[in-house]
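Peer 1: Sharing a structure here in structure tokens format.
Just so it is clear, none of the values below were taken in a lab; they were calculated from the coordinates. All values reported here derive from a predicted model rather than from experimental measurement. Glycine also receives a Cβ, built like all others from the backbone with ideal geometry; neighbour counts cover every protein chain displayed.
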């Protein structure tokens, strides 16, 4: 079975577009590589931030729907996106985010890697991860970034999901997308893909009780997965359909 090769991009819901641009390009130093429209809502921008080339696996994209209410916490949502930074970069990022008044939490260790949790201006949960594989990943620095090349974000690292029942997500990740269960820590189960490149991890938390979450400003809209070619995409689509899911 050919697995997905990792996250292609993560799309989230933002507030005002200019505030979003100021943060992701001006503070995080990612390049705005594309400004398109939402295919289902052509009156809304679709903003793409990535490395200098817009390489798959480095894309974080947004729909600026500032008319929406903030998202509602609960199960059934993707709750956080983590971004890889080079080893030893968190001290730089702590200083930089503090300089711009960005809300952060204390550095923690997750699955053996140092992580700096943060929130963007519209409430999206982010995490900067000193990823062991960051230095070896394909990456093109953006020469006009306000962030020095040796500290620039190297792409997507993982996404976190909150689910009422772990079993359906486990089955989909392992049987359909080809992930392997790598272990559990502090209530989070981690799944990974062979190769350990950009976006190769998903972490799922089982939430007992409580209400279902709801989309809104500050929530993740969807996760998109990389494939190698049309044949690979068709094979994954077939497995998705066989699992009773609508592609």
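Peer 1: Any idea what log10 I(q)/I(0) is at q = 0.11, 0.15, 0.16, 0.18 Å⁻¹ for the chain, Debye with uniform C-alpha scatterers and no solvent?
Peer 2: -0.56, -1.11, -1.28, -1.63
Peer 1: How high is the relative contact order of region 88-228, in percent, counting Cα pairs under 8 Å that sit 6 or more residues apart? Write out the running numbers ahead of the final one.
Peer 2: On the way: 179 pairs, mean separation 27.0, N = 141.
In percent, rounded to a whole number, it is 19.
Peer 1: Something else about it: Please work out, to two decimal places, the log10 of the ratio I(q)/I(0) at q = 0.14, 0.27 Å⁻¹ from a Debye calculation in which every Cα of region 191-247 carries one identical scatterer.
Peer 2: -0.64, -1.19
Peer 1: Let me have the relative contact order for the chain, percent, based on Cα pairs under 8 Å that are six or more residues apart.
Peer 2: Numbers: 574 pairs, mean separation 74.1, N = 247.
Relative contact order for the chain comes out at 30 percent.
Peer 1: How large, in Å, is region 52-129 by the Kirkwood hydrodynamic radius built from its alpha-carbon pairs? It would help to have the intermediate numbers written out before the result.
Peer 2: Numbers: mean 1/r = 0.0698 Å⁻¹.
Evaluated over region 52-129, this radius sits at 14.3 Å.
Peer 1: Something else about it: What does the convex hull of the Cα atoms come to per residue for region 1-136, in Å³? Show your work: numbers first, answer last.
Peer 2: Numbers: hull volume 21.1 nm³, N = 136.
Per-residue hull volume (Cα only) is 155 Å³.
Peer 1: What FRET efficiency would be calculated for the residue pair residue 233, residue 174, taking the C-beta separation as r and a Förster radius of 22 Å, to the nearest 0.05?
Peer 2: On the way: r = 19 Å, r/R0 = 0.88.
FRET efficiency, residue 233 to residue 174: 0.70.
Peer 1: Now a separate question. Helix-only estimate, please: 222 nm mean residue ellipticity of the chain, summing -39500 (n - 2.57) across DSSP H runs of length 4 or more and dividing by its residues, to the nearest 500.
Peer 2: On the way: 4 runs with 34 residues, N = 247.
For the chain, the value works out to -4000 deg cm²/dmol.
Peer 1: As a test, work out the antiparallel percent of DSSP beta bridges whose residues both lie in the chain, rounded to the nearest 5. Can you show the working numbers first?
Peer 2: Values: 42 of 61 bridges.
Looking only at bridges with both residues in the chain, the antiparallel portion is about 70 percent.
Peer 1: Now, a different point. So how much slack lies between residue 211 and residue 95, counting 0.36 nm per residue of separation and subtracting their Cα-Cα distance, in nm? Can you show the working numbers first?
Peer 2: Numbers: separation 116, 0.36 × 116 = 41.76 nm, distance 3.67 nm.
Value of the extension gain: 38.1 nm.
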